[in-house]
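The values are calculated or read from the model by the stated rules, or taken from the named source; none is laboratory data. Not measured: the values here are computed from a predicted model. Counting neighbours? That spans all protein chains shown, and the Cβs are built from the backbone with ideal geometry, glycine included.
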Amino acid sequence: DLRGRPRQGGLIPPVLEAIRGTLDAGHQVLVFINRRGFAPTLACHACGWLADCDHCDARMTLHRQPPVLACHHCDKRRPIPDACPACGSGDLRPLGSGTERTEETLAALFPQVPVHRIDRDSTRRRNAFEAILTEVKRGEPCLLVGTQMLAKGHHLPHVTLVVVVNADAGLYASDFRALEHSAQLLIQVAGRAGRSSHPGRVLVQTLHDDDPHLRLLAETGYDAFAEQLLAERRAAGLPPFRFLALLRLESPREEAANTLASGASAALRQWLATRELNVDCLGPVPAPMERRQNRYHLQLMLASDKRSQLHEACAQLTAWLEATPEARKARWSLDIDPQTLS
Ligand SMILES: [Zn+2]
Ligand SMILES: [Zn+2]
């Protein structure tokens, strides 16, 4: 339970104690944190300024190796300012923890063992990932700090403790599949621990330790969790009990994107009104990140109990877009059975 507890590099005291105990026993520890960089963003403590990206509805991530502010959505980079661009204060501080910061904290707390960071930045060099894995498989006590690059497949027999720094991102996302995906990731990460003769332990940090989904997953495992999720999807009329299609539409001009999306939905609704089809048209709504790379993103969702009827409506929508001159100035795509709503 993260609430009200001091954190070092994102980790609370009882978790740091468990890490110490595992290393003292001569075993390895895997710390899973799904954010690369030093901190999710930089903040001014005098006025509350945050390092926003100029091109996206997103914050820029603070990196220290090498030092730079980088947007993970459009790849724009800029130097780290010495003073707050808004008020001139020099009191700029990193907000939250990424892999680099957790690595730095753990290296300071446990100087007797090596700390290996595995993320997209630390493994850019050819064979860097393999070199670390070879070193880890020798079995000496060490700490691994990594993103989901570490979650899949790799057999790490000497890891007996897995720490999940923050399980909350997927629990309350707007995307209905996020919960399923983050539960699968948790199970995969947990699967790294204790796969040989040593029993493994998994510690999950959360701000919502009473969350029913998380409790179900921790106490009864993935099968019971999946049953529960299926019951909720059935009640909400979501896949796999209904079929979805998602129209994604983007334009550098906000007004053009809005006009085209409204036009498409109006035309489709008009067409549906003349037919006996069981298809719902929802939206248009702004995408979860509306402005990305200076382009405006909108979505229109189609839902139906019958796949054939969904396809009929999709064909109609596609025909309308192809016949509409404004659509040629925008970008659009129609995704049947979308795996994410972003
Ligand atoms: Zn400021
Ligand atoms: Zn950006």
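Taken across region 64-75, residues that are within 16 Å of ligand 1 (Cβ to nearest atom) and at pLDDT 95 or above do occur, with at least one present.
The single condition among (1) away from ligand 1 (no atom under 16 Å from the Cβ); (2) without any contact (Cβ under 8 Å) to a residue 24 or more places away in the chain that Gly90 does not satisfy is (1). From the list Ala58, Ala18, Ala51, the one residue that fits, being within 16 Å of ligand 2 (Cβ to nearest atom), within 26 Å of Gln184 (Cβ to Cβ) and of a type in the set (A, V, I, L, M, F, W, C), is Ala58. Applying the criterion of at least 1 residues that are more than 24 Å from Pro6 (Cβ to Cβ) to the strands (runs of 3 or more DSSP E) found wholly in region 57-140 leaves 61-64, 67-70, 115-118.
Output the residues belonging to region 312-334 that are of a type outside the set (Ser, Thr, Tyr) and loosely packed, with under 15 Cβ neighbours inside 10 Å. The answer is Ala315, Ala319, Glu322, Ala323, Pro325, Glu326, Arg328, Lys329, Arg331. Restricting Leu272, Leu277, Leu300 to residues that are outside the structural domain of Asp57 (by TED's automatic domain parsing) and surrounded by fewer than 18 Cβ atoms within 10 Å (Cβ to Cβ) narrows the list to Leu277.
The single residue among Gln8, Gln65 that is farther than 23 Å from Glu140 by Cα, away from ligand 2 (no atom under 16 Å from the Cβ) and not assigned by TED's automatic domain parsing to the domain that holds Gly200 turns out to be Gln65. With respect to the conditions (1) farther than 19 Å from Ser342 by Cβ; (2) in contact with a Lys or Arg (Cβ under 9 Å, 6 or more places away or on another chain), Arg248 lacks only one, and its number is (1). For beta carbons closer than 8 Å, sequence separation of 6+ or different chains, a first residue in region 261-274 that is within 16 Å of Leu298 (Cβ to Cβ) and a second that is assigned to a helix (DSSP H, G or I) and not hydrophobic (A, V, I, L, M, F, W, C), the qualifying pairs are Gly263/Glu326; Leu268/Gln316.
The number of residues in region 23-42 being touching a residue at least 24 places away in the same chain (Cβ under 8 Å) and outside any strand (DSSP E or B) comes to 11. Of the residues making up region 27-48, those that are under 25 Å from Glu104 (Cα atoms) and within 16 Å of ligand 1 (Cβ to nearest atom) are Thr41, Leu42, Ala43, Cys44, His45. Restrict the check to region 51-60 and report whether at least one residue is exposed (fewer than 15 other Cβ atoms within 10 Å of the Cβ) and outside the structural domain of Thr134 (by TED's automatic domain parsing). Yes, region 51-60 has at least one match. In region 168-175 there is no residue that is outside any loop (DSSP other than H, G, I, E, B) and either in contact with a helix residue (DSSP H, G or I) (Cβ under 7 Å, 6 or more places away or on another chain) or touching a residue at least 40 places away in the same chain (Cβ under 8 Å) (or both).
For Arg248, the stated conditions do not hold, so it cannot be described as touching a Cys at 6+ places or on another chain (Cβ under 6 Å), surrounded by 14 or more Cβ atoms within 10 Å (Cβ to Cβ) and basic (Lys, Arg).
Out of curiosity, is Arg20 part of a loop (DSSP other than H, G, I, E, B), among the charged types (D, E, K, R), away from ligand 1 (no atom under 16 Å from the Cβ) and surrounded by fewer than 16 Cβ atoms within 10 Å (Cβ to Cβ)? Answer is no for this residue.
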